[in-house]
Amino acid sequence: MVRRIDVTGAGGVGLAAWEYADPPKSREAEASPGGVLLLHGLMGRASHWAGTARWLAERHRAVALDQRGHGQSDKPADGPYHREAYVDDAEAALEQLGLAPAVLIGHSMGALTGWQLAARRPDLVRGLVVCDMRASALGAASQREWADWFKSWPVPFATLADVRKWFGEDDPWVERPNPSRGNFFAEVMTEGDDGWRPVFDPAHMLKSRETWVYDAHWEELIQVQCPALVVRGLDGELGRAEAQEMVRVLPRGAYAEVPDAGHLVHYDQPAGWREAIEPFLDGVLTGS
């Protein structure tokens, strides 16, 4: 059963949270406090976590959040889309959903939100999974590349098949055919009178991104006191050396990597993703 739960974020922004399976009813689950909050990356949506949420729900309550500007959550024209707003939203979601103390699982930008919240509110976070997100600054050139990339999209797309083909094969950023990437973007499109367009406003995505690409985030990472697992796709955006340095500076850090996966680790290799994070989650959530 899929269930939507409405959450009020910072500044009254309406957020959509989703459960993709019934919460577990076992004595073990009832005895374990807290749950899991899943935070997608830039341009993502809660449904990208559906597969992960379903196997998590076998033993834990798992909720995925459409973050502001994404999915079915509000997309205020004037934002704000800065870091504080995203972190405040995640904090509000934990409290309103009754998930705390929770494990936060974040991909890319969602991982940054997770560790910033864990640093600020250690009472709400008992564990953290950081999936393919860098702590180093990316710089102005990266932001310009993204602005140019958005302009290159041949929108509107006539069909979802065109979406899958462009993002999976024709996009200049694709080095080799990547069907999972095409599927990822097909899931964030909506059909209008003239064809298929993204459910988000690219301008909002650039605004969200500019609030973190110019700065490094090591100081906040060091402040994360809970157990934390840094996961990278072998061909992802987070390099091995930086990932291992992130683990080193985390007070209770651990490391995992998923073979044959790019940046979209949980989408590229769902089985490898589960194998990488499940033992960590079991240890944090059940104390095993």
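The values are calculated or read from the model by the stated rules, or taken from the named source; none is laboratory data. Since the structure is predicted, the reported quantities are computational estimates derived from the model, not experimental observations. Don't worry about glycine lacking a Cβ; one is built from the backbone with ideal geometry, like all the others, and counts go over all protein chains shown. Calculation scope for accessible area: heavy atoms of the full protein, side chains included, ligands and nucleic acids excluded. Shrake-Rupley method; radii C 1.70, N 1.55, O 1.52, S 1.80 Å.
Some notes on this structure:
- Listed by first and then second residue, the pairs linking a residue in region 48-60 that is in contact (Cβ under 8 Å) with a residue 24 or more places away in the chain and farther than 23 Å from Ser108 by Cα to a residue that is of a type in the set (Gly, Ala, Ser) and open to solvent by 10 Å² or more (accessible area, probe 1.4 Å), with Cβ atoms under 6 Å apart and 6 or more places separating them unless they lie on different chains, are Arg59/Ala29.
- For Leu94, the conditions (1) open to solvent by 30 Å² or more (accessible area, probe 1.4 Å); (2) assigned to a helix (DSSP H, G or I); (3) farther than 19 Å from Trp273 by Cβ; (4) in contact with a strand residue (DSSP E or B) (Cβ under 9 Å, 6 or more places away or on another chain) are fulfilled apart from (1).
- For the condition part of a helix (DSSP H, G or I), within 16 Å of Met189 (Cα to Cα) and within 16 Å of the chain's Cα centre (by Cα), His70 does not qualify.
- Within region 111-218, strands (runs of 3 or more DSSP E) holding 3 or more residues that are out of contact with any Asp or Glu (no Cβ under 9 Å at 6 or more places or on another chain) and in the same structural domain as Leu250 (by the TED database): 125-131
- Residue within region 154-162 that is more than 30 Å from Thr286 (Cβ to Cβ) and in contact with a Leu (Cβ under 8 Å, 6 or more places away or on another chain) present: no
- Residues in region 171-203 that are more than 19 Å from Asp148 (Cβ to Cβ) and open to solvent by 40 Å² or more (accessible area, probe 1.4 Å): Arg176, Pro177, Asn178, Pro179, Asn183, Glu187, Thr190, Glu191, Asp193, Asp194, Trp196.
- Complete set of residues in region 237-262 that are open to solvent by 40 Å² or more (accessible area, probe 1.4 Å), part of a loop (DSSP other than H, G, I, E, B) and at negative phi: Glu237, Pro251, Arg252, Pro259
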